[in-house]
Amino acid sequence: MSEKKIYLVECISSHRMVYAIEAESKQAAIDTVEFHDELEEMGQQWIGQTVLSAHPVDQAEYLNQFDEINDYLRDIPQERKLSYIRAVQSKPETEQSE
């Protein structure tokens, strides 16, 4: 049985956002959506997730990446940072080959 590793899997999650804008022109409506960050959408739909990369890291690199990505959590205890790692059970070899 192989030893488990920590893998950092980077993804982009996409949502379709729909805004209802009352404006004098199509361009004015588009400009309103593009230049106003705090508009409330009429609705949204999750489109999916795209995996960009996956690579193994050791615990030290994981902690370094955690602090870089989550600067506001830099001062939390190491045990809490490690709690963000999700352990998964691999399927038995016979199930994987089917």
A23 meets each of (1) assigned to a strand (DSSP E or B); (2) over 20 Å from Q65 (Cβ atoms); (3) among the small types (G, A, S) with one exception, condition (1)
Output yes when any residue across region 83-97 is over 17 Å from the mean Cα position of the chain (by Cα), surrounded by 10 or more Cβ atoms within 10 Å (Cβ to Cβ) and either aromatic (F, W, Y) or over 18 Å from K4 (Cα atoms) (or both), and no when none is. no
Could you tell me whether region 21-37 includes any residue that is of a type outside the set (S, T, N, Q) and touching a strand residue (DSSP E or B) at 6+ places or on another chain (Cβ under 8 Å)? no
Quick one: H36 ticks every box in (1) within 30 Å of R16 (Cβ to Cβ); (2) surrounded by 10 or more Cβ atoms within 10 Å (Cβ to Cβ); (3) modelled with pLDDT of 95 or more bar one, so which box is it? (3)
Restricting to region 41-79, name every residue that is in a strand (DSSP E or B) and more than 26 Å from E3 (Cα to Cα). G43, Q44, Q45, W46, I47, G48, Q49, T50
Taking the conditions exactly as written (surrounded by fewer than 10 Cβ atoms within 10 Å (Cβ to Cβ) and either of a type in the set (S, T, N, Q) or in contact with a strand residue (DSSP E or B) (Cβ under 6 Å, 6 or more places away or on another chain) (or both)), does I12 satisfy them or not? yes
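The values are calculated or read from the model by the stated rules, or taken from the named source; none is laboratory data. A quick note: this is a predicted structure, and the numbers were derived from the prediction, not measured. A quick note on method: Cβ atoms are made from the backbone with ideal geometry, for glycine too, and the neighbour counts reach across all protein chains shown.
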